[in-house]
Amino acid sequence: MGKKGFKRPQDMTRIYKINTLNVKDLDFKLNNYVENGLAEKSGDTYSINLSQMDVQKLLGKGEIRKKVNISVKTASEKAIEKVKAAGGKVVLIESQ
């Protein structure tokens, strides 16, 4: 008897990996990012560049309660809506 099932050919496998971050994780870790110098806080508004942290995409799982200005390569529509609802903004930057 032969093998059972299907094995994807090697040239078809994904050769890239996209690092993602959910808005709930960002909300939870934002104060740690400020302490480590990865984010800035002025008044009640936070500013963070996720590309410097090697995060390519912001996802919309969870809730965000802090006002955050985010720079990232890509973001889901839900993530952008949730950040805007919290009073922040998402700036999509060009990939280099």
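Please determine whether any residue of region 7-18 is of a type in the set (A, V, I, L, M, F, W, C), at pLDDT 90 or above and in contact with a strand residue (DSSP E or B) (Cβ under 9 Å, 6 or more places away or on another chain). No, region 7-18 has no match at all.
If we scan region 23-40, do we find a residue that is surrounded by 14 or more Cβ atoms within 10 Å (Cβ to Cβ), at positive phi and of a type outside the set (A, V, I, L, M, F, W, C)?
The answer is no, given that none of the residues of region 23-40 is surrounded by 14 or more Cβ atoms within 10 Å (Cβ to Cβ), at positive phi and of a type outside the set (A, V, I, L, M, F, W, C).
Taking the criterion of being among the basic types (Lys, Arg) and surrounded by 14 or more Cβ atoms within 10 Å (Cβ to Cβ), the only residue of region 79-88 that qualifies is Lys82. When region 54-77 is limited to residues that are loosely packed, with under 14 Cβ neighbours inside 10 Å and under 20 Å from Asn19 (Cβ atoms), the one that is modelled with the highest pLDDT turns out to be Glu77.
For region 78-87, what are the residues that are among the small types (Gly, Ala, Ser) and closer than 10 Å to Val23 by Cβ? Result: Ala79, Ala86.
The values are calculated or read from the model by the stated rules, or taken from the named source; none is laboratory data. None of the values given here were measured: they were computed from a predicted structure. No Cβ is skipped: glycine too gets one built from the backbone with ideal geometry, and neighbour counts run over all protein chains shown.
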